[in-house]
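Asker: Here you go, one structure.
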Amino acid sequence: MEKLSQEKKTKTKKLKQKLGLEDKPVKSSKGKLMLPGTSHKTISTKAGIKTASTVKKSKTLKNQEHTVAASKHEHTMAAAPVAAANVPIRKAKGKGPAPELSKARNRAEELERKDEAKARELAEVEELERKLNQWAVSASPELVQDNSEARVYGDIQRSVRCYLEACVFCGDIDRAHRFLLSHHRMASRRNLLNIGLYNIMMRVWAKKGSLNQIGRMFILVEEAGLKPNLGSYCAALECMGRNPDCSPHCVSPMMQGNTDAKYPKMAFSLEELRERFSRQLSIEQASTITIHSVEAMKPVTSHMRDLLAVQRLVWHKALVGALRESKMILASSTQKATKLSLYPYLCLLDEKDYVDIMIQSLSNLPPSGESLHILAKELGNRVHNKFCIRMKGHNQMVDKLSHIYNEYTELLAKDSKEFDVLPRERWWKLEAEHSSGPSLLGDETHWPHMVVVELGTYLVDLMVKHMKVNSDILNSAYDRKLIPVLYHMYTFRSNKQVGFIKLHPILTQMQQDAMDTTLTFDSYVMPMLCPPVPWTSAKFGAYLLTPTKMMRAVEGANQHEILLEKCQDADLHAVLDSLNQLGNAAWRINQPLLDIIISIFNDKGSEKLDVPPPNSEAPKIPRYNQQDSATFTSAEKAHLKREVVNAKKKCSEMHSLRMDALYKLSIANHMRDEVFWFPHNMDFRGRTYPCPPYFNHLGSDVTRAVLVFAEGKPLGPSGLEWLKIHLVNLTGLRKRSSLAGRLEYANSIMDDILDSADNPLNGKKWWQNADEPWQTLACCMEIANAVRSPDPTHFISHFPVHQDGSCNGLQHYAALGRDVIGATSVNLIPCEVPQDVYSGVAQQVEEFRARDAEKGLKIAQVLECFISRKVVKQTVMTVVYGVTRYGGRLQIEKRLKEIDDFPKEYVWDASHYLVHQVFSSLKEMFTGTREIQDWLTESARLIAKSGSTVEWVTPLGLPIIQPYHRSRTQMVRVNVTYSRYLRYTVKQKNAFPPNFIHSLDSTHMMLTALYCYSAGLTFVSVHDCFWTHAITVDTMNKVCREQFVALHSQPILQELSNFLLKKYCSGFKSGLWLGHSRTLTLVPKPLLRCLGCVLRVVNLLED
């Protein structure tokens, strides 16, 4: 930018180079030459036709009128006589113009052309300056998500980086070097390179100790106009360190701990924790694990199982040969060095590893098939995960990790000294002490989505072409010929044609008859056998070797990664520590309950108890031959088609539910004698989730029931009472009763509780009628064991007691708006009897129904005695999270279908009627929160309409950005396919209120987790439902309430409005807008209506 004050030509040239513009003229559709960047669109006017570029340029030139006017005026005055003479002059027919007049006119025209050229040049320079400034701003981390061109460059750079890393890892240094040089030598491609790409090759030469090559790389960096960073100098120092003539020394900074907190010890010795680390490390290094299925005890056909095993060996051999041959073809390809090839990605692992991944994917395919995109993504991700694990071993990172973790266990082990630092701080200090060697962060880059899909698609293509079976393998009557076991077809999903991979019926039949006794999972699917690695940054934590992101993302979204990288480490400390606290809770299996569930699972299941039946119980798909269907009417044919579609849909759903239950129960059975941990990460709103996807405490009633804390604590004086209250809460009864009333009810049904514990399947079966039957049964067993112990106060309980929020979204809205009526209904204000907002809404809806029934409304009369808390609960709960009337109707429809006595022909009409009444009831009960929700919605609409993405920061400092977009796939010149993401305006608007409340909810949970940790409690959460031991429920309740009050004592809405105005409104002066109308002039007009809502909310808060 400093050279902009120099000559205009040099300035224009430099700016064009930086913007990647070419000076070549562009031909228009009419064959005429046009300036670069001009449009071909024409605008018709009465005076004639002007090009759109001319119109645009004329607007730009208006800014230059004052600059050029003086010089132009002088030239005009000098040529005035000539101009005056030019007006009446006409060219005589057949004669040339007078020589004097012709010369004067030529001089005037030449001067005019020079003036116009000068004006155009000045306008072009200013326009290029403006574009460069916009590019500089948009390339900054703060606004990069709103610039599609910057997003494209980022995707291409990631693709190039991954390609270089793949070449380096598989030892093809020459290919990587040629690829980088070919991009460097071409000016158009050099713009795609950043310092990180040069550093990859620097690290290669550093390991080889080649100072000459390092020097050449620094020269290339200078030629590219880049500046070396810390990684560049580290590579140079490493290279010097490998040279015996020079050995630099670096001093590592020491991290200081927080002396205000002490981490509670675990019930394991130092030796036990280190042994568990070794086992977990072995599992992750293998990247897969095979466990026994709980269906193994069923009768199976050993012949079919052996036959399938033989076929897998045949497929394995065929795929290895096909993969080897395809790699040879790709290696001998003569494509340009600048083209990205799949060859390096096919050399990262052994050929056997690729084939094992393909066969594992085949075993996991559902009978109905799978989308090509989903299957390809799974294959590509498995290759990427295994590559990352291999790369860490190749870089000797595993040895360093082992040393640090073994020392880290001293913080956790019960037989080691006390520490006054947090896990994150302890790990930081150990890393600083072991600063030599490779970084634990690793050098691998997350592959772009299109690279993952392209690699996966290539592997799927090999499977389709080379996995074949004899057609007579199941029936010798058929003619023998080789047929593919997979075939590619097309189907429609949401009115879009998508590729689909389907199993051949022969393979489906073989897999069903073989009934494998084992299941193979990726290692990250299983819970960890040792405490997770503490999160120390947004890029490192959780598993030992498996790559894990701290913040989950939707496909293609990386804005949140940019925001997290921009954050200072101190801003994320509270978030990281809360994730570490949740992940360090140890678990074990409730074995007696697991055995009961498995017995029902293997005995045709039970839909009432949420145990899916086997596929043999699925309805038979109707079969009709063409001769019979010829006699059917069109209505009968349509009815038959619907029956077939519904039967297939039901079979598919039953298979999915059955396999999901099989995975969960098999994992639980595999871990039945183990103590294990769930590492945690979060979504873009800050809501936390366990990393293992199938089996965790966020699952269904079945999975929650079989999980108990590994650490036991005595019940104490009030623990047994909390167990009884918790039991009543699980049943769904006595929602409007006080805690004393619920305890009294529990004591009155002790006979049923003990009967359920002693005879769960053959007794009165009281527990089966509860809202959460399996958790109810588990609690009955815990109470029975406690009351039968010599002293219940000393009974060691591992059972988690839950404290659930009363419609947490409404609680936050009521607290934000200081809504007294709403706060009372969700228990934010002390009452003699606990309030239940769901029952309150159900009661009000019943009043509306009774009134309409008296007026003779038919559907209101049909709904008599059918309106209950359960029918309206889900809709009431999700209204504050953005559910629409259509979604609410579907929720109520599902609840009505579950009622056996309700007439099915009235389901649609009844759900339509009830959703209207529920929304009307909530509008009357929570009037104070409506203005806040309207303001959030309107703000998001205006932000999205302006082309930006909605962004905010939680009270804990976590940056949030909504990742909603629509993708548009395009091709670019470097042979990379990328997706251009456009902001989804409607979803940005509708999702902001619920996402903002979710972020507040997660903030409250994290605050509670941190303070419970400092108090020595075992604490885990299922979003707004907090779990702890029975003895510590009172302490957790106190902390929970204190942190809720502390959170909402902050000016949350004012800080949010300040942030939005500062980010999206130019000229905003922080803190001056409240009550100062003169400041509103600094805000763009579209946001003034939004500010009106803000003022109303602030006035409400002040009142």
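The values are calculated or read from the model by the stated rules, or taken from the named source; none is laboratory data. Note that this is a predicted model, so its numbers are computed, not measured. Note that each Cβ is placed from the backbone with ideal geometry, even for glycine, and that neighbours are counted across all protein chains shown.
Asker: Show the residue pairs that are 6+ apart or on different chains and have beta-carbon atoms under 6 Å apart, the first residue being within the range 156-178 and in contact (Cβ under 8 Å) with a residue 24 or more places away in the chain, the second being among the charged types (D, E, K, R).
Answerer: Final answer for the pair search is Cys167/Arg175.
Asker: Could you list, ordered by first residue, the pairs with Cβ atoms under 7 Å in which the first is in the range 283-295 and closer than 13 Å to Lys664 by Cβ and the second is modelled with pLDDT under 90 and among the β-branched types (Val, Ile, Thr), at least 6 apart or interchain?
Answerer: Matching pairs, first to second residue: Ile291/Thr518; Ser293/Thr517; Ser293/Thr518.
Asker: Looking only at the range 635-653, count how many residues are surrounded by fewer than 13 Cβ atoms within 10 Å (Cβ to Cβ) and of a type in the set (Gly, Ala, Ser).
Answerer: Here the count works out to 2.
Table: residues versus (1) in contact with a Lys or Arg (Cβ under 6 Å, 6 or more places away or on another chain); (2) in a helix (DSSP H, G or I).
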| position | (1), (2) |
| --- | --- |
| Leu723 | no, yes |
| Val728 | yes, yes |
| Leu733 | no, no |
| Ala740 | no, yes |
| Tyr745 | yes, yes |
| Ser756 | no, yes |
| Leu761 | no, no |
| Lys764 | no, no |
| Trp774 | no, yes |
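Asker: Here is a further query. Give the residue, chosen from Leu519, Leu563, Leu572, that is hydrophobic (A, V, I, L, M, F, W, C), crowded, with 19+ Cβ neighbours inside 10 Å and out of contact with any strand residue (DSSP E or B) (no Cβ under 6 Å at 6 or more places or on another chain).
Answerer: Selected residue: Leu572, the only one of Leu519, Leu563, Leu572 that is hydrophobic (A, V, I, L, M, F, W, C), crowded, with 19+ Cβ neighbours inside 10 Å and out of contact with any strand residue (DSSP E or B) (no Cβ under 6 Å at 6 or more places or on another chain).
Asker: For the structure I just gave you, tell me whether Ala850 is assigned to a helix (DSSP H, G or I), small (Gly, Ala, Ser), without any contact (Cβ under 8 Å) to a residue 60 or more places away in the chain and out of contact with any helix residue (DSSP H, G or I) (no Cβ under 6 Å at 6 or more places or on another chain).
Answerer: yes
Asker: Okay, next question. Quick check on the range 888-911. Is at least one of its residues within 41 Å of the chain's Cα centre (by Cα), part of a helix (DSSP H, G or I) and under 18 Å from Leu810 (Cα atoms)?
Answerer: For the range 888-911, residues within 41 Å of the chain's Cα centre (by Cα), part of a helix (DSSP H, G or I) and under 18 Å from Leu810 (Cα atoms): present.
Asker: Something else about it: In this structure, does Ile783 turn out to be more than 37 Å from the chain's Cα centre (by Cα), closer than 24 Å to Ala586 by Cβ and surrounded by fewer than 19 Cβ atoms within 10 Å (Cβ to Cβ)?
Answerer: Spelling it out, it is not the case that Ile783 is more than 37 Å from the chain's Cα centre (by Cα), closer than 24 Å to Ala586 by Cβ and surrounded by fewer than 19 Cβ atoms within 10 Å (Cβ to Cβ).
Asker: Which one of Ser578, Ser634 is touching a helix residue (DSSP H, G or I) at 6+ places or on another chain (Cβ under 6 Å), outside the structural domain of Trp427 (by TED's automatic domain parsing) and more than 23 Å from Asp701 (Cβ to Cβ)?
Answerer: Ser578
Asker: In addition: Given the residues Glu744, Glu782, which is the only one that is free of Cβ contacts under 8 Å to residues at least 24 places away in the same chain and either of a type in the set (D, E, K, R) or assigned by TED's automatic domain parsing to the domain that holds Leu593 (or both)?
Answerer: Residue meeting the stated conditions: Glu744.
Asker: Turning to a different aspect of this structure: So which residues in the range 503-530 are closer than 26 Å to Ala668 by Cα and either touching a helix residue (DSSP H, G or I) at 6+ places or on another chain (Cβ under 6 Å) or aromatic (Phe, Trp, Tyr) (or both)?
Answerer: Residues satisfying the conditions are Asp513, Ala514, Leu519, Thr520, Phe521, Ser523, Tyr524, Met528, Leu529, Cys530.
Asker: Is there a residue being more than 30 Å from Asp420 (Cβ to Cβ) and either outside any loop (DSSP other than H, G, I, E, B) or modelled with pLDDT of 85 or more (or both) anywhere in the range 241-258?
Answerer: Looking through the range 241-258, at least one residue is more than 30 Å from Asp420 (Cβ to Cβ) and either outside any loop (DSSP other than H, G, I, E, B) or modelled with pLDDT of 85 or more (or both).
Asker: Could you check, for the range 649-670, whether at least one of its residues is of a type in the set (Lys, Arg), in contact (Cβ under 8 Å) with a residue 24 or more places away in the chain and closer than 27 Å to Thr776 by Cβ?
Answerer: So far as the range 649-670 goes, yes, one or more of its residues are of a type in the set (Lys, Arg), in contact (Cβ under 8 Å) with a residue 24 or more places away in the chain and closer than 27 Å to Thr776 by Cβ.
Asker: Considering only residues that are touching a residue at least 24 places away in the same chain (Cβ under 8 Å) and either among the small types (Gly, Ala, Ser) or crowded, with 20+ Cβ neighbours inside 10 Å (or both), which ones fall in the range 905-924?
Answerer: Ala910, Tyr913, Leu914, Val915, Gln917, Val918, Ser920, Ser921, Leu922
Asker: Is it the case, given these coordinates, that Ser700 is surrounded by fewer than 23 Cβ atoms within 10 Å (Cβ to Cβ), under 24 Å from Glu674 (Cα atoms), among the hydroxyl-bearing types (Ser, Thr, Tyr) and out of contact with any helix residue (DSSP H, G or I) (no Cβ under 7 Å at 6 or more places or on another chain)?
Answerer: Spelling it out, Ser700 is indeed surrounded by fewer than 23 Cβ atoms within 10 Å (Cβ to Cβ), under 24 Å from Glu674 (Cα atoms), among the hydroxyl-bearing types (Ser, Thr, Tyr) and out of contact with any helix residue (DSSP H, G or I) (no Cβ under 7 Å at 6 or more places or on another chain).
Asker: Limited to the range 527-543, what total is found for residues that are of a type in the set (A, V, I, L, M) and surrounded by fewer than 22 Cβ atoms within 10 Å (Cβ to Cβ)?
Answerer: 2
Residue-by-condition table, conditions (1) more than 18 Å from Val533 (Cα to Cα); (2) out of contact with any strand residue (DSSP E or B) (no Cβ under 8 Å at 6 or more places or on another chain):
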{"site": "Glu351", "(1), (2)": "yes, yes"}
{"site": "Ser363", "(1), (2)": "yes, no"}
{"site": "Pro366", "(1), (2)": "yes, yes"}
{"site": "Ser371", "(1), (2)": "yes, no"}
{"site": "Ala376", "(1), (2)": "yes, yes"}
{"site": "Leu379", "(1), (2)": "yes, yes"}
{"site": "Trp427", "(1), (2)": "no, no"}
{"site": "Glu431", "(1), (2)": "no, no"}
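Condition check ((1) farther than 24 Å from Gly741 by Cα; (2) surrounded by fewer than 21 Cβ atoms within 10 Å (Cβ to Cβ)) across all residues:
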| residue | (1), (2) |
| --- | --- |
| Phe795 | yes, no |
| Pro800 | no, no |
| Gly805 | no, yes |
| Leu810 | yes, no |
| Gly817 | yes, no |
| Gly840 | no, yes |
| Glu847 | yes, yes |
| Val876 | yes, no |
| Val879 | yes, no |
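Asker: Which residue, of Glu431, Glu454, is in a helix (DSSP H, G or I), assigned by TED's automatic domain parsing to the domain that holds Met489 and more than 30 Å from Met358 (Cβ to Cβ)?
Answerer: Only one candidate passes the filter, namely Glu431.
Asker: Which one is surrounded by the most Cβ atoms within 10 Å (Cβ to Cβ), of the residues in the range 434-451 that are part of a helix (DSSP H, G or I) and aliphatic (A, V, I, L, M)?
Answerer: So, considering only residues that are part of a helix (DSSP H, G or I) and aliphatic (A, V, I, L, M), the one surrounded by the most Cβ atoms within 10 Å (Cβ to Cβ) is Val451.
Asker: Is it the case, given these coordinates, that Lys339 is farther than 14 Å from Val460 by Cα and in a helix (DSSP H, G or I)?
Answerer: no
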